[in-house]
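Beneath this line is the structure, given in structure tokens, with notes to follow.
The values are calculated or read from the model by the stated rules, or taken from the named source; none is laboratory data. Model, not experiment: these values are computed from the prediction. Positions of Cβ are generated from backbone atoms using ideal geometry, with glycine treated the same way; all protein chains shown enter the neighbour counts.
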Amino acid sequence: MRIKFEKRAQPSRFMLFATPVAAVILTILIGAVLFEILGYDGLGTVKEIFFTPILASYKWQDVMTKAAPLIIIALGLSLGNQAKVWNIGAEGQYIAGALAGALIAYLTPGVTSHWIIVPMIIAGILGGAAWATIPAFLKTKLNVNEVLTTLMLVYVAFQLLGYLVTGPWKDPNGHNFPQTAPFTDAQLLPHSILGTAIPPGLVIAFILMLGFWLLVSRSVFGFEVRVVGAAPSAARYAGFNASRTIWSTLLISGGMAGLAGILEATSQLGQLNLGFPSNYGFTAIIVSFLGRLHPVGVFIAGIVLAITYVGGQVAQTTVHVPSASGGIFQALMLFLILAGDVLVRYRLRLVGAKS
Amino acid sequence: MTIDFIISAIVTVVGISTPILLAATGELVVEKSGVLNLGVEGMMLVGAITGFAVTFMTYNPWLGVIAAGAAGAAVSMVFGVLVLSLGSNQVATGLALAILGIGLSTLLGTSFTGMIVPQFSSIFPSVLSQDPFWRVIFGYSPMVYIALLIVFAVGWFLNRTRAGLVLRAVGENDQSAHSIGYSVIGIRYIAIAFGGAMAGIAGSYFSMVITPMWAERMTAGRGWIALALVVFAGWKAGRLVVGAYLFGCLMTLELYAKASGFQFLPSQFWASMPYIMAIVVLAVISFRDRAGSEAPACLGKPFLPNS
Amino acid sequence: MNNGVTLAGTMAKTQPRLELSEITKRFPGVLANDHVSLKVMPGEIHALLGENGAGKSTLVKMIYGIMAPDSGEMLWDGAQVRVANPKAARKLGIGMVFQHFSLFEAMTVLENIALGLDQNISKRDLEAEILKVLDTYGLKLDPRRIVSTLSVGERQRIEIVRALLLDPKLLIMDEPTSVLTPQEVGQLFETLRKLAAKGCSILYISHKLHEIIALCETATILRGGKLVSTCDPRKETSRKLAEMMIGANLKEISKVAGRKFGDVKFAVNNLSLPKHGDFGTALTNIAFDVRAGEIFGIAGVAGNGQNELLEALGGEVLAPRNEAITVAGAGIGKCGPTDRRAVGLGAVPEERNGHAAVSEFSLQDNAVLTARNRMNMVQAKLIDPGKANEFSEKVILSFGVKAQGPKSTAGSLSGGNLQKYIMGREILQNPTVLIVSQPTWGVDAGAAAAIHQAIVDLASKGSAMVIISQDLDELLALCDTLAVINLGQLSAPMKVGEVSVEEIGLLMGGIHGEAAHAH
């Protein structure tokens, strides 16, 4: 007996929706076994990582707070991934956005109007987008692979952050810690809005989700992005300019990552320090695939991944697994969702032992 | 600048370049077969912790290196199954492998933090290896010589042997190779496993030679540099050596900058230098005449036989 | 070799070299081969005839071990065999020359040939052997050249030499002449006859009837996966063979004779473009014009600039001057595809999947690809799915496309149906000028006839048509005027009916009015 793949005439819509769910369930099962083998409490780990954040209502705000940047970044990345433009340096654009926003804050300590938040956020978006112009330029003008350039720039952004928080932007009253001065009250966004537990970032993420939904499902630009990704020659034939698509998808995904960065800085941290990068930019890649590159899917997937973030921290203190455990579950999930793709396009059939 | 300074600089450069050279050599074979495996960083980290752990338990660094290679090959097979047997996207799957490797190595490594392992002893008599001048040739870890041997063996294999010709053919035109009767999938599995083993060994160099201890994410992005190096070398084994030593110079500069004179620029500038240079190099390479490159035509494309 | 000759002499009429009995192969949704049986004698040139999709390629892939049959038996020199892979086939003495060459562009001829052999021979010995085979059959080929620099005919010679080096007892040729000029076809036939005279059997796959009548002793005709007939093609007329192959009486294209053409609608004025990429062809001083109602054909062997020309005319590659291309007198050379469609210029490239259509997209989305502006599907930068659906449905209905509806993916359609859909999509936009490359490549006869009729009908409504094709028969049947493209240069236009096939053949081979001497 062996397994044979038969190409489906039409991609299966059922599998399109079923495989991400199956990937999450399988991740839980495989993860439990893996951690048991490694000598930890497998069931306990799984319970803490996946279920405690859902069951304990005091964790919800934490989940929503972590989901917001993941969703915002992943919305942008999904657009690029549809065009097969691989921006894997969102982490760097996230840092660059936060730095650009913090530059406004750094220059305006005396401004007391809350409106200062607006130029900060705009600067954040522009900063992220600016960081993405480098790979966009290199890709369109010199045909340099964007996978490598976007990624290299993460390391550069990280060093830039290190330089600023230990050098020119170092808080003079910070006891020599590598951090900037705290933002002033005017420069801060609230942790949550209107007395609810909902963080402002999640509201923005929700609005953006609706916008991206319209963009990808109905607009000519969304169509263009899909054609460029599916068949570059057909895109040229249809009159779409691939360079334009590369520029716009990289700038949009960079801008989204920058937005997530400045939102995180002003609404959660209130300053920048060496611990600011928290892997959201990389995890958002998983969010994007788990959400099947669809804005609504991305929103749901962002919450799922945020749960593993929060749960990973819980598990660290309660069942004493290392901090990297969440990462393992996330990688497993990405592998399984990619493996599940095959079921969308192919039918599995067991055939007799004849080759 | 004294002769001593130059010699110690050369020794540092050669030492620090070796892991990227090893990893890039493995990736070269993978890419020549038509597969792009972006998971080098992850496979290196898995190799680093495995090599360290096995050496720690057996007190034998050779066993450690072998185990590191085996572990690298083993995790690369996860990538192989997805990409080759299930036809998944190579970029995304490679990234997943990188993330998995980072997580897995951290998880396995927690109990080894702070430990120290025995190091390789020199294969040359100390008269040579410790000599202030001759150490420039004889004063390295055995892994340095092994890495160079492997690069030359791979160059010979790719260009002079029939098996190498078949491997290149698979990367050049998978459909043709399939219709002549070569097992495209099988050959690519072997190439991916070799790439994984090389990345694993490269990783173990960090935890066993550069510093004989384990630290989270200790490869610090060198796996990505190795990927850039393959492009830089135009997919030619010989040029890998030149490129690796060039990057080695940049990384050495960072070390020296931290230790001494270059205070006019912040240390973060030097630390980001290899990455900035990798970008510059990729840009310059694409400027240059493409005829000099031997990029495989099927690189990154999934192969699904229609029979 | 001697062994083969004696075999051929003594056992010729007794023992078939290859015998297939009741071979069946099923793919999802199709029965590709339905209990097919055939016999090939030693030294026989045996035709396997059938239209696209009849199951010829599937059958030979099973003989060569690329696929395994679901049921049925294969006998080789009387003994039952199971060919597990191409290597096993070569071991038996079966060689194959593929329709789509299995060559490696960036490697030398020598390396390509070495890859096709199963034993490891040193480069020097191999080169000597290659030269010997080339000499025996009077073929010319430089073993040290890089494949990407060779002509299509030379590339095919690599495949043939690769097969001949194995000293085959059976050589399978899959549609070998589709890429050759008439003169090159003559050379190939000579080689094949020499080979057959030495006792090698040849299984010759084609749908070109006059070739089979000229070359083959026996023909096995397949239709829809089933064996229709086995006959001696030399005793049949082309028409009879064609009817057996297609299974219905042939329908002629209804074209009004002696038509009058209107004003010049489309003109190309000394268009030159440099080649892009290592494997491209430069276009040099292309010039022709097409009047309203005229069908202008461009013949030529594959790879002589047809794709480049289509892209330049359709706007995928821009011309250096605006006046280089004009529609109804207005220069559009520097306009992209969208602007060209706005003035009524439509184009259909050769490659359906991934160029003219996106296989993983629905038919409706594929309508948006080129018809979004002319058919008013876009308002305020948003696509109106209702309008796209409506137009797509109209195309499916008017062109008899067999599909479940606008929501089915392009990839789920057969080649012929997808081509009908693409042609319909362009024709229903009512273009002033329509440029089509290889309108019926890989399309079944029914769909081909429908497409030909649609082209003629559109022309009769006053559109200017340009047809680029490698199928000379198609062009001669369809076009009013004909030019030949060779190495990126276009010959002077000729009136169909006043020019001989030989003349066109010489032009296709790159000989302009000089005395023809085969090299």
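Brief remarks follow.
- Looking across C:468, C:485, C:511, C:504, one residue alone is buried (at least 23 other Cβ atoms within 10 Å of the Cβ), at pLDDT below 90 and either closer than 24 Å to residue C:241 by Cβ or out of contact with any Phe, Trp or Tyr (no Cβ under 6 Å at 6 or more places or on another chain) (or both). It is C:504.
- Of the helices (runs of 4 or more DSSP H) lying entirely inside region C:410-489, those carrying at least 3 residues that are more than 19 Å from the chain's Cα centre (by Cα) are C:415-427, C:445-460.
- Flag if residue A:262 is touching a residue at least 12 places away in the same chain (Cβ under 8 Å) and either away from every other protein chain (no Cβ under 14 Å) or part of a helix (DSSP H, G or I) (or both): yes
- Taken together, A:251, A:215 contain a single residue that is within 13 Å of another protein chain (Cβ to nearest Cβ) and under 20 Å from the mean Cα position of the chain (by Cα), which is A:215.
For every residue, the table says whether it meets (1) at negative phi; (2) at pLDDT below 95; (3) more than 8 Å from chain B (Cβ to nearest Cβ); (4) not in a loop (DSSP other than H, G, I, E, B).
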| position | (1), (2), (3), (4) |
| --- | --- |
| A:286 | yes, yes, no, yes |
| A:301 | yes, no, yes, yes |
| A:308 | yes, yes, yes, yes |
| A:311 | yes, yes, yes, yes |
| A:342 | yes, yes, no, yes |
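- If you go through region A:218-235 and keep only what is at the interface with chain C (Cβ under 7 Å from one of its Cβ atoms) and of a type in the set (Gly, Ala, Ser), you end up with A:219, A:230, A:231, A:233, A:234.
- Residue A:332 being within 12 Å of chain B (Cβ to nearest Cβ) and at pLDDT 90 or above: yes
- Selection status of residue C:159, within 11 Å of chain B (Cβ to nearest Cβ), part of a helix (DSSP H, G or I) and either surrounded by fewer than 16 Cβ atoms within 10 Å (Cβ to Cβ) or out of contact with any helix residue (DSSP H, G or I) (no Cβ under 6 Å at 6 or more places or on another chain) (or both): yes
- Region B:85-103 - residue that is crowded, with 24+ Cβ neighbours inside 10 Å and of a type outside the set (Gly, Ala, Ser) and, of those, farthest from the other protein chains (Cβ to nearest Cβ): B:97
- Exclusive hit being free of Cβ contacts under 8 Å to residues at least 60 places away in the same chain and closer than 24 Å to residue C:369 by Cβ, set C:442, C:424: C:424
Yes or no, residue by residue, for (1) touching a Leu at 6+ places or on another chain (Cβ under 6 Å); (2) closer than 24 Å to residue A:273 by Cα; (3) part of a helix (DSSP H, G or I):
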{"residue": "A:70", "(1), (2), (3)": "yes, yes, yes"}
{"residue": "A:84", "(1), (2), (3)": "no, no, no"}
{"residue": "A:91", "(1), (2), (3)": "no, yes, yes"}
{"residue": "A:101", "(1), (2), (3)": "no, yes, yes"}
{"residue": "A:104", "(1), (2), (3)": "no, yes, yes"}
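- Of all residues in region A:93-126 being farther than 14 Å from residue A:256 by Cβ and among the hydroxyl-bearing types (Ser, Thr, Tyr), the one that is modelled with the highest pLDDT: A:106
- Sole residue being in contact (Cβ under 8 Å) with a residue 40 or more places away in the chain, crowded, with 24+ Cβ neighbours inside 10 Å and touching a helix residue (DSSP H, G or I) at 6+ places or on another chain (Cβ under 6 Å), chosen from B:13, B:35: B:35
- Boolean, residue C:104 is closer than 17 Å to residue C:166 by Cβ, within 14 Å of chain B (Cβ to nearest Cβ) and among the hydrophobic types (A, V, I, L, M, F, W, C): no
- Any hit, region B:128-135, residues being within 14 Å of chain C (Cβ to nearest Cβ) and among the aliphatic types (A, V, I, L, M): no
- Counting the residues of region A:138-187 that are more than 7 Å from chain B (Cβ to nearest Cβ) and buried (at least 21 other Cβ atoms within 10 Å of the Cβ) gives 12.
- Scanning region C:167-176 for residues that are surrounded by 20 or more Cβ atoms within 10 Å (Cβ to Cβ) and either among the aliphatic types (A, V, I, L, M) or at pLDDT below 90 (or both) gives C:170, C:171, C:172, C:173, C:174, C:176.
- Members of region B:52-84 found to be surrounded by fewer than 19 Cβ atoms within 10 Å (Cβ to Cβ) and over 27 Å from residue B:117 (Cβ atoms), listed by number: B:81
- Candidates C:260, C:265, filtered to the one that is more than 10 Å from chain A (Cβ to nearest Cβ), in contact (Cβ under 8 Å) with a residue 24 or more places away in the chain, part of a loop (DSSP other than H, G, I, E, B) and not acidic (Asp, Glu): C:260
- Those helices (runs of 4 or more DSSP H) lying entirely in region B:117-160 with at least 1 residues surrounded by fewer than 13 Cβ atoms within 10 Å (Cβ to Cβ): B:126-129, B:142-160
- Against the test of being more than 14 Å from chain A (Cβ to nearest Cβ) and in contact with a helix residue (DSSP H, G or I) (Cβ under 6 Å, 6 or more places away or on another chain), the options B:255, B:229, B:240 yield a single qualifying residue, B:240.
- Residue C:305 being buried (at least 22 other Cβ atoms within 10 Å of the Cβ), modelled with pLDDT of 95 or more and under 28 Å from the mean Cα position of the chain (by Cα): no
- Considering (1) more than 12 Å from every other protein chain (Cβ to nearest Cβ); (2) part of a helix (DSSP H, G or I); (3) within 17 Å of the chain's Cα centre (by Cα), the lone condition that residue B:42 does not fulfil carries the number (1).
- In the set C:127, C:111, C:154, only one residue is surrounded by 16 or more Cβ atoms within 10 Å (Cβ to Cβ), within 14 Å of chain B (Cβ to nearest Cβ) and among the charged types (D, E, K, R); that residue is C:111.
- Residue A:321 being over 30 Å from residue A:11 (Cα atoms), over 21 Å from the mean Cα position of the chain (by Cα) and at pLDDT below 90: yes
- When A:90, A:129 are checked against the criterion of being within 13 Å of chain B (Cβ to nearest Cβ) and modelled with pLDDT of 85 or more, a single residue qualifies: A:90.
- A single member of B:211, B:219 is more than 14 Å from every other protein chain (Cβ to nearest Cβ) and at pLDDT below 95, and it is B:211.
- Yes/no for residue C:154 being over 18 Å from residue B:166 (Cα atoms) and part of a helix (DSSP H, G or I): yes
- Of all residues assigned to region B:70-89, at least one qualifies as being closer than 15 Å to residue B:47 by Cβ, without any contact (Cβ under 8 Å) to a residue 24 or more places away in the chain and under 19 Å from the mean Cα position of the chain (by Cα).
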